[in-house]
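S.K.: The structure that follows is given in the form of structure tokens.
The values are calculated or read from the model by the stated rules, or taken from the named source; none is laboratory data. These numbers come from a predicted model, not from an experiment. Cβ: placed from backbone, ideal geometry, glycine included. Neighbour counts: every protein chain shown. Accessible surface is based on the protein model in full, side chains and every heavy atom, while ligands, DNA and RNA are left aside. Shrake-Rupley method; radii C 1.70, N 1.55, O 1.52, S 1.80 Å.
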Amino acid sequence: MASKRIAIFGAPGAGKGTQAKRIVGALGIPHISTGDIMREAVRDETPLGMKVKEYMDRGELVPDSMVIEIVKDRLARDDCKGGFLLDGVPRTVYQAEELDRILEDRGQSIEKVVQLCVPEGELIERLVKRGVAEGRSDDTREVIEQRLRVYLKETSPVSDYYKESGRLVEVDGVGDVEAVTERIMAVLS
Ligand code: AMP
């Protein structure tokens, strides 16, 4: 049976969101994207949105405590009982440790973390294109470069955390959207 408590991991522009939508469709589990949740809060001008906007606009990480709160609340909902796919979280080793603790309290764990591997040159190209197509305020060249720096410094160590516990699976993220989905489904089954 396919793993159903999973996370998708990779640099900005690696295709996490696109692949996440396809995988949750196939597995019938909810898609939990901290980026989407926070963008919605910014759009709706909620108290959370007011707090996270500046970090997002600068391409910096939102503080761990806020992210953990969001994820904890989301995972407590009934639709997560049979599994879930986390997208864009955890992004620091601290978030990964906290997430393990939250799930452990419920007798659960992240079974697999799929890392989408894409060379840096292609990431920048994809992000610049997305900025033009979707008008995302953090997809400008300056902010993109900052997000990639943050990824290398703070987020890439998260892959070692999962590698050490035997949960990381690396997937080539270059090529057709469909081909990449097939590679992911193969490692999850
Ligand atoms: P994303 O849509 O996943 O690329 O996230 C967009 C932005 O939201 C990031 O650049 C961060 O500012 C913020 N963000 C999303 N998820 C997290 C997270 N797990 N930890 C910290 N900041 C996050």
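S.K.: Any idea how many residues of the stretch 4-29 are part of a loop (DSSP other than H, G, I, E, B) and surrounded by fewer than 18 Cβ atoms within 10 Å (Cβ to Cβ)? If you could, list the steps in order and put the result at the bottom.
M.R.: Keep residues of the stretch 4-29 that are part of a loop (DSSP other than H, G, I, E, B), which gives 4, 10-15, 28-29.
Pick out the ones that are also surrounded by fewer than 18 Cβ atoms within 10 Å (Cβ to Cβ) and you get 4, 28.
Here the count works out to 2.
S.K.: Of all residues in the stretch 84-102 being part of a loop (DSSP other than H, G, I, E, B) and at negative phi, which is most open to solvent (accessible area, probe 1.4 Å)? Quick ask: steps written out before the conclusion?
M.R.: If we filter the stretch 84-102 for residues that are part of a loop (DSSP other than H, G, I, E, B), which is where we start, we get 88-92.
Going one step further and asking which of them are at negative phi, we end up with 89-92.
Details: V89: 9, P90: 5, R91: 76, T92: 15 Å².
Within the stretch 84-102, the match that is most open to solvent (accessible area, probe 1.4 Å) is R91.
S.K.: Could you check how many residues of the stretch 125-145 are outside any helix (DSSP H, G or I) and open to solvent by less than 30 Å² (accessible area, probe 1.4 Å)?
M.R.: Looking only at the stretch 125-145, we keep the residues that are outside any helix (DSSP H, G or I), and these are 135-140.
Of the ones still in play, those that are also open to solvent by less than 30 Å² (accessible area, probe 1.4 Å) are 138-139.
Count: 2.
S.K.: Here's something else I'd like to know. If you go through the stretch 146-173 one residue at a time, how many are open to solvent by less than 50 Å² (accessible area, probe 1.4 Å) and part of a loop (DSSP other than H, G, I, E, B)?
M.R.: The qualifying residues number 3.
S.K.: For the stretch 103-124, enumerate the residues that are charged (D, E, K, R), touching a residue at least 12 places away in the same chain (Cβ under 8 Å) and outside any loop (DSSP other than H, G, I, E, B).
M.R.: The answer is K112, E120, E122.
S.K.: Hey, among the residues in the stretch 32-48 that are more than 10 Å from the chain's Cα centre (by Cα) and more than 10 Å from the ligand (Cβ to nearest atom), which one's most open to solvent (accessible area, probe 1.4 Å)?
M.R.: Checking each candidate, the answer is R43.
S.K.: Looking only at the stretch 124-142, decide whether some residue is at pLDDT 95 or above, of a type in the set (K, R) and in contact with a helix residue (DSSP H, G or I) (Cβ under 9 Å, 6 or more places away or on another chain). First the steps, then the outcome.
M.R.: Taking the stretch 124-142 as the starting set, the residues that turn out to be at pLDDT 95 or above are none.
No, there is no match, as no residue in the stretch 124-142 is at pLDDT 95 or above, of a type in the set (K, R) and in contact with a helix residue (DSSP H, G or I) (Cβ under 9 Å, 6 or more places away or on another chain).
S.K.: Which members of the stretch 52-67 meet the condition of being within 24 Å of L148 (Cβ to Cβ) and assigned to a helix (DSSP H, G or I)? Break it down into steps so the answer makes sense when it comes.
M.R.: Of the stretch 52-67, the ones within 24 Å of L148 (Cβ to Cβ) are 52-64, 66-67.
Result: V52, K53, E54, Y55, M56, D57, R58, D64, M66, V67.
S.K.: Next question, about the same structure. Quick one: which residue in K53, K72, K81 is surrounded by fewer than 17 Cβ atoms within 10 Å (Cβ to Cβ), in contact with a helix residue (DSSP H, G or I) (Cβ under 7 Å, 6 or more places away or on another chain) and over 13 Å from A7 (Cβ atoms)?
M.R.: Numbers: K53 fails: surrounded by fewer than 17 Cβ atoms within 10 Å (Cβ to Cβ); K81 fails: in contact with a helix residue (DSSP H, G or I) (Cβ under 7 Å, 6 or more places away or on another chain).
After applying the criteria, what remains is K72.
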